[in-house]
Amino acid sequence: MSDFLTLPPGAVRLDNLRLAVGHGLEPFAVTLADGVFTEAPAETVLDMAGRIAMPPFVDMHTHLDKGHIWPRSPNPDGTFMGALTTVRADHARWAPEDVEARMRFSLRCAWAHGTGAIRTHLDSMGGQFRRSWPVFAKLREEWAGRIDLQAVSLVTCELYGEGEFDAIADTVAEHRGVLGFVTHPLPDLRDRLMGFWEAAAARGLSADFHVDETMDPGSETLRLIAQTKLEAGFDAPVVVGHCCSLSTQEEARALETLDLVAEAGIHVVSLPMCNMYLQDRHAGRTPRGRGVTLVHEMAARGIPVSFASDNTRDPFYAYGDMDMLEVMREATRIAHLDHSQDWVPAFAAQPAATCGFAPWSPAPDAPADLVIFNARSWTELFARPQADRMVIRAGRQIDRTLPDYAELDGLMEGP
């Protein structure tokens with residue numbers, strides 16, 4: 001579908017926009033010339049009729065290496081364990097060429113939808129780090145100037161203490177990545193976490209955790225992460241994702257844990273679409289729980305909260321298209337982000353700050369990057385998919401043609 005407006009060449013002033021800065025939509029006008037915002041005179045002035053503008057999205061929790069394997073490896077029952085076992089079986093097909101093709105496909109989708117930066121987790125256990133991290137490094141260089149990329153090692157806490165963990169941590173440091181951990185309520189988790197903090201600090205790495213991705217109220221690894229971070233004096237940035245079990249815990253206990261998270265200075269990323277898909281799924285039973293974490297209670301404590309895509313067309317989530325507006329629209333509905341505080345930064349400014357990506361600015365000489373929607377209010381924005389949005393990068397309106405799924409058909413055939 002074509003965009004609703006074609007940007008003319010030369011210096012262009014976009015007048016009568018509304019910049020999304022929260023519940024408010026502030027009047028906004030800006031001139032684009034030579035790839036940057038400018039105060040110079042414009043050759044053309046366009047009346048944007050009150051349409052909404054946003055900075056490029058920042059998608060800070062994705063799994064580009066898993067993306068689009070659903071056609072060859074679907075989840076047999078839609079459960080978390082069904083996803084886990086299916087992906088592990090599919091690892092046998094993750095040659096560098098396979099991972100590269102699927103990751104590039106996802107990046108093309110994200111680019112077309114208006115994303116400017118992505119953090120991706122990379123499955124690293126079982127020697128996979130030797131295949132996937134060089135692919136990531138290649139794509140980071142290839143996409144430089146279009147989508148800024150970061151990577152996190154995805155390993156379970158059971159791996160700590162084995163030689164492969166150290167080799168993975170060294171690889172993460174070599175690629176300027178983030179050290180990741182998936183925490184489970186093991187009897188010796190405290191010791192494993194203290195060792196993790198030591199390993200990350202020794203290499204100058206920040207941390208990113210998959211945490212309590214379950215509806216079991218007894219899973220409280222988030223609490224232990226906060227406690228041990230404080231004990232270890234770990235001062236690099238720390239992100240935790242999912243935190244689903246908070247939603248099923250006794251209220252006072254959950255809020256006490258959030259007080260610890262706030263004290264520890266931990267950032268949270270919520271993944272509502274994937275969590276809605278996997279959590280509280282039982283054959284023949286309507287789900288009762290949403291699986292979404294306690295984002296309002298977090299925000300009330302000053303905990304930085306972001307939202308992200310998570311998985312795309314793989315056994316952990318059968319749908320998605322790397323479209324952060326879809327994430328924003330669905331998160332608003334799932335987590336009741338309307339009628340509350342300012343949540344717009346949770347989809348761009350906050351994840352950029354959390355991950356250390358360059359902040360967006362409309363100041364003169366800053367890169368002229370914008371996403372403009374054919375909508376004038378929040379209800380208009382969220383009522384439709386906004387498939388005709390304009391994406392402007394470095395002052396130019398990009399080609400928003402999405403890649404054809406048929407391009408991946410050759411990867412879906414039998415081994």
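Values computed for the structure shown
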item: Solvent exposure of segment 208-365 as accessible area per residue, Å², 1.4 Å probe; result: 38
item: Average projection area in nm² (convex hull over Cα atoms of segment 173-262, one quarter of hull surface); result: 5.6
item: Length-normalised contact order for segment 1-118 - Cα pairs under 8 Å, 6+ apart - percent; result: 24
item: W70 accessible area, 1.4 Å probe, all protein chains in place, Å² to nearest 10; result: 60
item: Rounded percent of accessible protein surface that carbon and sulfur make up, the chain, 1.4 Å probe; result: 51
item: Selection from V261, A335, Q150 lying farthest towards where the dipole of the chain points positive, charges on Cβ; result: A335
item: Percentage, to the nearest whole number, of Cα pairs in segment 331-415 over 14 Å apart; result: 78
item: Whole-number D in µm²/s for segment 267-415 (Stokes-Einstein; Kirkwood sum over Cα pairs; 37 °C, 0.692 mPa s); result: 185
item: Estimated distance in nm for a label pair at E380 and R301, the labels positioned 7 Å out from Cα along Cα-to-Cβ; result: 4.0
item: Local electrostatic count at L411 - Lys and Arg +1, Asp and Glu -1, tallied over other residues with Cβ under 14 Å; result: -4
item: Solvent-accessible area of F105 with every protein chain in place, 1.4 Å probe, in Å² to the nearest 10; result: 0
item: Along principal axes, Cα extents of the chain, largest first, whole Å; result: 67, 51, 49
item: Charged-residue dipole, Cβ positions (Lys, Arg, Asp, Glu), the chain about Cα centre, Debye nearest 20; result: 600
item: Stokes-Einstein translational diffusion, segment 1-103 - Kirkwood Rh over all Cα pairs, 0.692 mPa s, 37 °C, in µm²/s; result: 182
item: Separation of the A144 and D170 label points, Cα + 7 Å toward Cβ, nm; result: 2.6
item: Rounded D (µm²/s) - segment 96-212, Kirkwood Rh over Cα pairs, Stokes-Einstein at 10 °C, 1.306 mPa s; result: 107
item: Cβ charges +1 (Lys, Arg) and -1 (Asp, Glu), total dipole of segment 272-344, debye; result: 360
item: Where S377, S219 fall by accessible area, highest first, once all protein chains stay in place (1.4 Å); result: S377, S219
item: Computed Rg/Rh of segment 215-352, alpha carbon atoms with Kirkwood Rh; result: 0.96
item: Residue order for R400, R333, R176, R104 - accessible surface, 1.4 angstrom probe, largest first; result: R176, R333, R104, R400
item: Given charges at beta-carbon only (K, R positive; D, E negative), |dipole| of segment 124-184 in Debye; result: 300
item: Summed side-chain charge close to T228 - residues other than T228 whose Cβ falls under 11 Å, Lys, Arg +1, Asp, Glu -1; result: +1
item: Segment 59-127 - Rg and Dmax from Cα coordinates, angstrom; result: 12.7, 34
item: Cα centroid separation, segment 18-61 to segment 363-383 (Å); result: 6
item: Value of [θ]222 nm, deg cm²/dmol, for the chain, DSSP H segments ≥ 4, -39500 (n - 2.57) each, nearest 500; result: -9500 deg cm²/dmol
item: Centroid-to-centroid separation of segment 213-281 and segment 71-131 [C-alpha atoms, Å]; result: 24
item: GNM flexibility winner over the chain from V211, V30, V327 (Cα, springs under 10 Å); result: V30
item: Summed residue charge, Cβ within 10 Å of V45's Cβ, Lys/Arg positive, Asp/Glu negative; result: -2
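The values are calculated or read from the model by the stated rules, or taken from the named source; none is laboratory data. Being a predicted model, the structure only gives us computed values, none of them experimental. With ideal geometry, Cβ positions are generated from the backbone for all residues, glycine too; neighbour counts draw on all protein chains shown. These accessible areas exclude ligands, DNA and RNA; they are computed on the full protein's heavy atoms, side chains included. Shrake-Rupley method; radii C 1.70, N 1.55, O 1.52, S 1.80 Å.
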